[in-house]
1. Only strands (runs of 3 or more DSSP E) wholly contained in segment 57-172 count here; list those with 2 or more residues that are open to solvent by 20 Å² or more (accessible area, probe 1.4 Å) and modelled with pLDDT of 95 or more.
2. Mind checking which pairs have a first residue in segment 95-115 that is closer than 11 Å to Leu139 by Cα and a second that is open to solvent by 70 Å² or more (accessible area, probe 1.4 Å) and at pLDDT 95 or above, Cβ under 7 Å, 6 or more apart or different chains?
Amino acid sequence: MKARSFGLILFVILASLSLGGCGCFMQQMKGETPPPLAPQAKVVAPEAKPVIPVVTPPPVPVIVMKDVNFDFDKYNIRPGDAEILKQNAEWFKANSGKKARVEGYCDERGTIEYNLVLGQKRADSAKSYLANLGIDANLIETVSYGKEKPIDPGHNEAAWAKNRRAQFLSIQ
């Protein structure tokens, strides 16, 4: 068995030496020309382009509508809240054609029905004030949530004062 494997190994070695040593793999056939070399890439300098400065416009101030608050069992606009409504009117002027919703809210005291009516009167009062400032009333819709969605869940005068409000939301 040893002689057989020795002979096989010897055969493999001799065959590889004879094929590798002859150089037949590297020789060219007569009359054959070598393949052409790849063309050299021509390096071209980039064109000088004019630099155009980017001018960013100044930031546009964002106008946010603010809530107005009311006294207990009232829906009239107080002087301080009138100033807030004037600022809210600027939002309508800056956002021409956009619609908004005025939501009327109440504190937890009173019946559900009474507070729904009072919340509607508060929303309508704010809408009317904006219309008197020249804002198109068709761009403002109103809704009352009465005492159903308090902003402050407390059961004291500070919480109730926060909950008696007209809240403004952009809807378009």
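1. On the way: elements: 100-105, 140-146, 165-170.
Result: 140-146.
2. Within 7 Å, the pairs are Lys99/Glu141; Arg101/Glu141.
The values are calculated or read from the model by the stated rules, or taken from the named source; none is laboratory data. Note that the coordinates shown come from a computational prediction; the quantities given were computed from them, not determined experimentally. Cβ atoms come from the backbone with ideal geometry, glycine included; neighbour counts cover every protein chain shown. Ligands, DNA and RNA are stripped out before the accessible areas are found, and what is left, the full protein with its side chains, is counted by its heavy atoms. Shrake-Rupley method; radii C 1.70, N 1.55, O 1.52, S 1.80 Å.
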